[in-house]
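The values are calculated or read from the model by the stated rules, or taken from the named source; none is laboratory data. Since this is a predicted model, take the numbers as computed values, not measurements. Using ideal geometry, Cβ is built from the backbone for each residue, glycine included, and neighbour counts are taken over all protein chains shown.
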């Protein structure tokens with residue numbers, strides 16, 4: 001059975017204006033798919049979309065209307081075959097602070113809303129569109145969805161309660177959604193990245209020294225992973241017809257310490 005052929009199709013990658021999302025959008029585009037770069041960063045998102053021959057759509061992943069607009073834009077460029085949920089954020093804070101005051105409930109809810117509810121919003125709308133396309137092979141395969149969790153789903157550190165809960169939710173919903181979507185020929189997998197070198201760490205000598213220090217805690221190789229390396233795994237999960245309902249750590253073997 002050959003790999004999934006994306007020629008002439010469309011794809012949606014959220015958070016594609018930078019980092020893992022951008023690297024993924026570029027690699028999916030190289031496979032012949034027209035990519036919707038779905039992001040809030042209009043300047044950078046439009047630049048990436050232009051470079052890869054795709055289309056930028058300003059998208060708040062928590063918005064039903066924005067999700068529908070991204071799906072509609074993709075479907076106009078070709079049959080939608082792929083969604084990669086890469087948009088997400090962190091908002092660290094301890095459950096109770098040093099003065100024994102509780103974390104504001106709104107802080108916890110915000111991270112859950114963007115990372116977990118936003119991922120599901122984009123997934124449900126994209127899946128409905130993918131399900132309406134013609135099958136690609138004798139198995140009835142129509143497309144694939146890749147969600148982005150984190151090793152924090154398993155090894156959450158101090159101050160990561162909301163982030164770990166949001167990513168743990170993504171891990172937990174992978175199998176039931178894959179089961180839900182199996183009659184439509186849509187596969188669903190999740191990646192749990194470790195320490196990845198993205199713009200979140202900043203630039204300059206101090207940033208490089210900090211990243212080198214972090215890299216020492218990685219089993220091997222002793223460095224941060226690259227966005228391109230994460231995107232390699234996304235492409236494998238999208239194009240391998242037998243990969244389904246799996247959560248895969250891409251982390252160089254790291255197990256995160258408490259802090």
Inside the range 159-197, can you point out the residues that are closer than 25 Å to residue 102 by Cα and over 17 Å from the mean Cα position of the chain (by Cα)?
-> 159, 160, 161, 162
In the range 47-68, the residues that are part of a loop (DSSP other than H, G, I, E, B) and farther than 12 Å from residue 122 by Cβ | 53, 54
Restricted to the range 181-215, and to residues that are part of a helix (DSSP H, G or I) and modelled with pLDDT of 95 or more, which residue is surrounded by the most Cβ atoms within 10 Å (Cβ to Cβ)?
-> 181
Those residues of the range 216-259 that are farther than 24 Å from residue 15 by Cα, under 22 Å from the mean Cα position of the chain (by Cα) and surrounded by 14 or more Cβ atoms within 10 Å (Cβ to Cβ) come to a total of 4
Hey, among the residues in the range 120-158 that are within 17 Å of the chain's Cα centre (by Cα) and in a loop (DSSP other than H, G, I, E, B), which one's farthest from residue 184 (Cα to Cα)?
-> 151
Can you name every residue in the range 218-257 that is in a helix (DSSP H, G or I) and closer than 24 Å to residue 182 by Cβ?
-> 233, 234, 235, 236, 237, 238, 239
Checking residue 178 against (1) buried (at least 17 other Cβ atoms within 10 Å of the Cβ); (2) touching a helix residue (DSSP H, G or I) at 6+ places or on another chain (Cβ under 6 Å), which single condition isn't satisfied?
-> (2)
How many residues does the range 77-116 hold that are assigned to a helix (DSSP H, G or I), free of Cβ contacts under 8 Å to residues at least 60 places away in the same chain and either out of contact with any helix residue (DSSP H, G or I) (no Cβ under 7 Å at 6 or more places or on another chain) or on the phi > 0 side of the Ramachandran plot (or both)?
-> 6
Return yes or no: is residue 57 in contact with a strand residue (DSSP E or B) (Cβ under 8 Å, 6 or more places away or on another chain) and under 20 Å from residue 4 (Cα atoms)?
-> no
Before we move on, is residue 121 closer than 29 Å to residue 94 by Cβ, surrounded by fewer than 24 Cβ atoms within 10 Å (Cβ to Cβ), in contact with a helix residue (DSSP H, G or I) (Cβ under 6 Å, 6 or more places away or on another chain) and in contact (Cβ under 8 Å) with a residue 40 or more places away in the chain?
-> yes
Mind checking which residues of the range 16-32 are in a loop (DSSP other than H, G, I, E, B) and either under 18 Å from residue 225 (Cβ atoms) or touching a helix residue (DSSP H, G or I) at 6+ places or on another chain (Cβ under 9 Å) (or both)?
-> 16, 17, 18, 31
Quick check, is residue 71 modelled with pLDDT of 95 or more, in contact with a strand residue (DSSP E or B) (Cβ under 6 Å, 6 or more places away or on another chain) and not in a loop (DSSP other than H, G, I, E, B)?
-> no
Scan the range 1-18 for residues that are closer than 12 Å to residue 39 by Cα and either in contact (Cβ under 8 Å) with a residue 60 or more places away in the chain or under 12 Å from the mean Cα position of the chain (by Cα) (or both) and jot them down.
-> 12, 13, 14, 15, 16, 18
Taking the range 6-40 as the search range and keeping residues that are out of contact with any strand residue (DSSP E or B) (no Cβ under 9 Å at 6 or more places or on another chain) and surrounded by fewer than 17 Cβ atoms within 10 Å (Cβ to Cβ), which one is farthest from residue 129 (Cα to Cα)?
-> 30
